[in-house]
Amino acid sequence: MQIEFPDGRIQSIESGMTGSDIAKSISPSLEKRAVAIALNDELKDLNVALTTGGKIRIITKDDPEGLEILRHDAAHVLAEAIKELYPETQITIGPVIEHGFYYDIHREKPLTTDDFDALEQRMREIVDRNEPIQREEWDRNEAIKFFESIGEKFKAEIIRDIPEGQVISLYRQGSFIDLCRGPHLPSTARLGKAFKLMKLAGAYWRGDSKNPMLQRIYGTAWATEDQLKQHLHMLEEAEKRDHRKLGRELDLFHMQEEAPGSVFWHPKGWTIYRELQNYIRRRISKENYVEVNTPIMVDRILWEASGHWEKFHENMFISETEDKLFAMKPMNCPCHVQIFRQGIKSYRDLPLRMAEFGCCHRNEPSGALHGLMRVRSFVQDDAHIFCEEDSITSETKAFCDLLMSVYKDFGFTDVRIKFSDRPEKRAGTDEIWDKAEGALMEAVKASGLEYTLNPGEGAFYGPKLEFVLRDAIGRDWQCGTLQVDFVLPERLDANYIGSDGEKHRPVMLHRAILGSIERFFGILIENYAGKLPLWLAPIQVVVATVVESANAYAKEVCDVLKAEGLRAEVDLRNEKISYKVRDLSVQKIQYIAVVGAKEADEKTVSVRQLGSQDQTVMTLKNFVDMMKQNSAAPA
């Protein structure tokens, strides 16, 4: 039989050869790095005897699929270590998650993080044993009896719920055996030792509070020790940069139980927030957007007409008054269509780019709330472009150019694009989706942008592009979106008069650059560790006195700076200048203008910049000119 490699090379192999045999025939070093194979895009164990040919890929630890397999094996090795050290423990499920894995266990006496050292040591011993990992297929009843006989009631329950006719596959390593679809590494030694247990959490069995409470042990696993070290360093940096911590320390905002998922903005934080909005206003104004504002509370009738009630109502905040049911808007789109529908629109009016800093509310579960990153009340830099179908490509390209330019102004140059197509739960016919996906795909290709496919993750009304930016410590954040929508204009009866004098439906492009301003604010704070670009800093300069006799001059300097549009303050505290400098540095004040008796006499300032030990004496005029230049917001 024949196999075909990714480079198109064809090779004949004998029936019964394994993926390991094929990898070794190419290179012994490849076989050592291999963790599985993909035959016709189906992942298989390296030691499975092949009976059919087809397209084949050797999967290594460096491949995304290989890393997932490695992490799944780490979960199994953790479960084996638990059973050896704490035999009375029942194991349940151990899936792969982003950056690692977890395993849910049930035992009378909960484990603590103090047990992690012993567990990690036993995991390393299991790796050193080089235990072969073998797949076995069992009769379902025999499998149920087996797990019940060893006290694993949760495993037996899982098997009972597997539909009749599905293969029951178990994997054995040493004396440990677990239910799993696979594939897995050929032996425990292939896992390596680049893993670490991270934390404990609680979880109900099958997510139901009526079921027993389990312990969830989280771990991380990587292909190499260097990757593990990099990940742990990133986590340390992320903890230092946590926007909730910096928000308190820098006096930017706070959140409290009386308003869960909503933000109390302090003066400094609100200054940054307004600068973000003003910057976006300037940018979109140059692109001929018009800004509107629409109601927060809207009758259920509109949400039913748009389709949001059916698809999204469980996430809406509802209010009933005078026998009518209202919902706080979770998004702005249906309201923008209402503005479009006022009066008669001509093809000459298109494209109409309608923007709103719309305040939206979504009833997120309390357990999902996370500082500014996941809130219930937020503002989007939202806009909808109403255009003709043949304008989709040009409007997409113009938006992508604008978005990339905006991200660059904020210091983000590593941006990835995902193309998300139709979800299972959606509105509109397959024909409409074919047209929308085709139009967006043509547009993104014409824009010359690289992208990856993100199957099934489109909005319920149309396919979308997701823009993912990478921050200073290597984390990815999905912020901007662009969606092509043929559905909503149809459902809400939006139309325009074409050049032929007939009515036509506009295409609606939903787009955002920052996304939620709250979330983007949090991303910025963490990316810059609180030291924002000077044009965004809530306080750009502080004039600090050395002696009390310089107070009047310090106020004069501050007034001059403010008159030139700079955000300046004075520090007249009766403290040593060294203390003031340290304290202002902790507050991330980037420029400190130190003034004493000499500076007051000579009309100069001694300038200190955050992160530098140097001090530069400048005339007041030169200092003001420098500050104006350095703090100028992007055009």
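The values are calculated or read from the model by the stated rules, or taken from the named source; none is laboratory data. Just so it is clear, the structure is predicted and the values come from calculations on it, not from any experiment. Ideal geometry is used to build each Cβ from the backbone, glycine not excepted, and the neighbour counts take in all protein chains shown.
The table below lists the values:
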| quantity | calculated |
| --- | --- |
| Selection status of Val35, in the same structural domain as Lys193 (by TED's automatic domain parsing), under 23 Å from Trp222 (Cα atoms) and not basic (Lys, Arg) | no |
| Unmet requirement for Glu275, which otherwise passes all of (1) under 24 Å from the mean Cα position of the chain (by Cα); (2) acidic (Asp, Glu); (3) modelled with pLDDT under 95 | (3) |
| Any hit, segment 447-455, residues being closer than 17 Å to Cys333 by Cα, among the aliphatic types (A, V, I, L, M) and touching a Cys at 6+ places or on another chain (Cβ under 9 Å) | no |
| Test result for Phe326, within 20 Å of Val487 (Cα to Cα), outside any loop (DSSP other than H, G, I, E, B), touching a residue at least 12 places away in the same chain (Cβ under 8 Å) and not aliphatic (A, V, I, L, M) | no |
| Residues that are more than 23 Å from the chain's Cα centre (by Cα) and under 19 Å from Gln587 (Cα atoms), drawn from segment 249-264 | Glu249, Leu250, Asp251 |
| Breaking point among (1) closer than 29 Å to Phe410 by Cα; (2) touching a residue at least 60 places away in the same chain (Cβ under 8 Å), for Val605 | (1) |
| Any hit, segment 435-457, residues being farther than 19 Å from Thr393 by Cβ, over 21 Å from the mean Cα position of the chain (by Cα) and outside any helix (DSSP H, G or I) | no |
| Filtered residue count, segment 245-299, keeping only those that are part of a loop (DSSP other than H, G, I, E, B) and loosely packed, with under 15 Cβ neighbours inside 10 Å | 10 |
| Qualifying strands (runs of 3 or more DSSP E) (wholly inside segment 93-192; at least 3 residues being within 25 Å of Asn47 (Cβ to Cβ)) | 133-138, 168-173, 176-179 |
| Qualifying positions in segment 135-161 - in contact (Cβ under 8 Å) with a residue 40 or more places away in the chain and not charged (D, E, K, R) | Gly151, Phe154, Ile158 |
| Candidate set from segment 395-434 (those that are in a helix (DSSP H, G or I) and more than 22 Å from Ile513 (Cβ to Cβ)); member that is nearest to the chain's Cα centre (by Cα) | Trp433 |
| Conditions (1) touching a Ser or Thr at 6+ places or on another chain (Cβ under 9 Å); (2) under 29 Å from Gly367 (Cα atoms); (3) without any contact (Cβ under 8 Å) to a residue 24 or more places away in the chain; number of the one not met by Lys196 | (3) |
| Of all residues making up segment 592-623, the number that are surrounded by fewer than 20 Cβ atoms within 10 Å (Cβ to Cβ) and within 44 Å of the chain's Cα centre (by Cα) | 10 |
| Some residue of segment 333-355 being touching a residue at least 60 places away in the same chain (Cβ under 8 Å), part of a strand (DSSP E or B), in the same structural domain as Phe378 (by TED's automatic domain parsing) and of a type in the set (Lys, Arg) | yes |
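To keep it simple, each residue is scored yes or no on (1) at positive phi; (2) touching a Gly at 6+ places or on another chain (Cβ under 7 Å); (3) surrounded by fewer than 16 Cβ atoms within 10 Å (Cβ to Cβ); (4) among the small types (Gly, Ala, Ser).
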position: Leu197; (1), (2), (3), (4): no, yes, no, no
position: Trp205; (1), (2), (3), (4): no, no, no, no
position: Asp208; (1), (2), (3), (4): no, no, yes, no
position: Met213; (1), (2), (3), (4): no, yes, yes, no
position: Gln230; (1), (2), (3), (4): no, no, yes, no
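Listed here are the residues, each with its yes/no results for (1) under 16 Å from Arg135 (Cβ atoms); (2) free of Cβ contacts under 8 Å to residues at least 24 places away in the same chain.
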| residue | (1), (2) |
| --- | --- |
| Gln11 | no, yes |
| Ile22 | no, no |
| Ile26 | no, no |
| Leu50 | yes, no |
| Gly66 | no, no |
| Ala79 | no, no |
| Ile82 | no, no |
